[in-house]
Amino acid sequence: MEVTAEIKREMFWTMLLARRLDERAWMLHRQGKITFHVSGIGHEAAQVGAAFAIRRGYDWVVPYYRDLALMLALGYTPLDFFLGLMGRRGEPGSGARQMPNHWSMRSMNVVSLSSPVSTQTLHAVGIAMGIKMRKEDKVVLTTVGEGGTSQGEWYEAVNWAAIHRLPVVFNVQNNQYAISEPVSLQMAVNSVAEKARGLGLPGVSVDGMDAFACLTAFQKAVEDARAGHGPVLIETCVYRITPHSSDDDDRTYRSREEVEAHKKDDGLLRTRNTLEREGVLTPQAVDAMEERARQIIDEAAAQAEATPYPPGEEGAFPVYAEEVRHA
Ligand SMILES: Cc1ncc(C[n+]2csc(CCOP(=O)(O)OP(=O)(O)O)c2C)c(N)n1
Ligand SMILES: [Mg+2]
């Protein structure tokens with residue numbers, strides 16, 4: 001697929017919107033308007049590269065909590081995001097009963113994750129098994145952090161997908177930390193891609209700050225999986241610029257110098273520079289996008305804040321097929 005100037009601009013816009021939304025979430029947290037935020041800052045380029053490689057709305061997506069940019073590329077809206085953060089009525093995934101960032105979107109074949117890390121990898125493989133049994137040509141994209149690949153579930157799922165040559169693209173967003181735990185204490189091999197090879201499927205490591213390198217890698221993996229050649233693992237090497245979540249103080253386990261160095265080589269900046277150099281974007285066009293993002297975010301945040309909390313009775317709905325009333 002040719003990556004036109006239009007597609008490049010759309011990818012950049014999605015990354016920019018994700019970044020500004022995420023920054024607003026941190027601000028809302030500091031203002032005491034939300035209680036928790038888990039951030040995708042630093043992961044956007046890789047996520048957008050993945051999202052633009054699949055047939056959106058046709059293929060299945062089983063994401064993890066950092067995937068704000070991925071979800072925006074699938075049509076999740078800033079209002080959806082804020083309703084989740086603020087726990088307000090009408091949040092599309094769970095009616096505001098899930099934690100924030102436990103995305104789901106029925107219309108786009110996005111399946112919600114459970115909070116125990118890596119369990120979504122098993123769900124993705126189950127869906128892929130169904131696709132194969134029905135002889136469909138759909139692909140499942142699933143994401144996880146590198147720490148999640150230490151879980152037993154991860155090995156079970158990837159092993160099964162390799163044995164049965166299931167149409168899954170496993171994306172591991174390796175940001176070098178699982179909360180405070182550095183990658184060197186998560187694995188004795190040099191990369192997650194190496195783990196994949198040990199389980200019998202191709203493992204590719206790609207620079208996750210380079211949105212277009214990611215797009216190319218995911219396009220190839222999706223094509224192979226769709227053609228029936230089996231699963232592929234893509235490790236996107238990113239960096240989590242923020243603390244793990246709003247409950248984490250990352251000063252206790254990594255230096256400020258390390259974080260600052262990564263900020264200078266961030267995927268959003270890099271994409272902007274590349275596109276300006278190619279003449280696909282001008283500084284004026286970026287300014288206009290910034291203004292548009294600010295307006296969209298202001299409106300969505302205000303709308304979410306004006307939305308009431310769900311009434312207590314909605315707590316059990318639609319968990320049960322029929323309304324349950326307690327005496
Ligand atoms: C089974 C399980 N253990 C521990 C946790 C708590 N926890 C939530 S996120 C996280 C870190 C995961 O790190 P990684 O997989 O590298 O993803 P990242 O957050 O870095 O993107 C942990 C330990 C959990 N949710 N589930
Ligand atoms: Mg990690």
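The values are calculated or read from the model by the stated rules, or taken from the named source; none is laboratory data. Because the structure is predicted, anything quoted here is derived from the model rather than measured. Reconstructed Cβ throughout: ideal geometry from the backbone, glycine too, with neighbour counts over all protein chains shown. Ligands, DNA and RNA are excluded from the accessible area calculation, which covers all protein heavy atoms including side chains. Shrake-Rupley method; radii C 1.70, N 1.55, O 1.52, S 1.80 Å.
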> Ordered by packing density, taken as the mean number of other Cβ atoms within 10 Å over each peptide's residues, highest first, how do 276-283, 223-230, 41-48 rank?
Replying inline: 41-48, 223-230, 276-283
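Roll a 1.4 Å probe over the protein chains and send me the accessible area per residue for segment 55-104 in Å².
30 Å²
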> Taking 0.36 nm per intervening residue step and subtracting the Cα-Cα distance, what contour gain separates residue 249 from residue 285 on full extension?
Replying inline: 9.3 nm
>> If I take R0 = 35 Å and measure r between the Cβ atoms of residue 136 and residue 189 in this structure, what FRET efficiency does the formula 1/(1 + (r/R0)^6) give, to the nearest 0.05?
In response: 0.55
> Build a GNM of the chain with springs between Cα atoms under 10 Å: which of 81, 170, 36 gets the top mean-square fluctuation?
Replying inline: 36
>> Run the simple label-point estimate for residue 295 and residue 107 please: 7 Å along Cα→C-beta, distance reported in nm.
In response: 2.2 nm
> In the neighborhood of residue 91, defined by Cβ-to-Cβ distances under 14 Å, what is the net charge if each Lys or Arg adds +1 and each Asp or Glu adds -1?
Replying inline: +1
>> How would segment 156-238 be classified by its alpha-carbon gyration tensor: rounded, prolate or oblate, with rounded meaning a/c under 1.5 and the a/b versus b/c comparison settling the rest?
In response: oblate
> If you roll a 1.4 Å probe over the heavy atoms of the protein chains, what accessible area per residue do you get for segment 198-327, in Å²?
Replying inline: 56 Å²
>> Quick check: at a probe of 1.4 Å, how many percent of the accessible area of the chain sits on carbon and sulfur atoms?
In response: 53 percent
> Is the shape of segment 1-117 rounded, prolate or oblate, going by the alpha carbon gyration tensor and its root eigenvalues a ≥ b ≥ c, with a/c under 1.5 for rounded and a/b larger than b/c for prolate?
Replying inline: oblate
> Among 119, 206, 171, which residue has its Cα positioned farthest towards the positive end of the charge dipole of segment 5-307, with +1 placed on the Cβ of Lys and Arg, -1 on the Cβ of Asp and Glu, and the dipole taken about the Cα centre?
Replying inline: 119
> Classify segment 72-124: rounded, prolate or oblate, from the alpha-carbon gyration tensor (a ≥ b ≥ c, eigenvalue square roots; a/c under 1.5 rounded; otherwise prolate if a/b is larger than b/c)?
Replying inline: oblate
> In Å, what Rg and Dmax follow from the Cα atoms of the chain?
Replying inline: 19.5, 68
>> Nearest 5 percent is fine: what portion of the DSSP beta bridges confined to segment 5-307 is antiparallel?
In response: 15 percent
>> List the residues, sorted by chain then number, that are 5 or more residues from residue 235 or on another chain and whose placed amide H is less than 5 Å from its amide H.
In response: 172, 204, 205, 206
>> With +1 assigned to the C-beta of every Lys and Arg and -1 to the C-beta of every Asp and Glu, and no other charges, what is the dipole magnitude of the chain about the Cα centre in debye, to the nearest 20?
In response: 460 debye
> Which ³J(HN,Hα) values, rounded to whole Hz and listed in residue order, are derived for segment 213-226 from phi using the Karplus coefficients 6.51, -1.76 and 1.60 in 6.51 cos²θ - 1.76 cosθ + 1.60 with θ = phi - 60°, glycine and proline given as x?
Replying inline: 5, 5, 4, 4, 5, 5, 4, 5, 5, 5, 4, 5, 5, 5
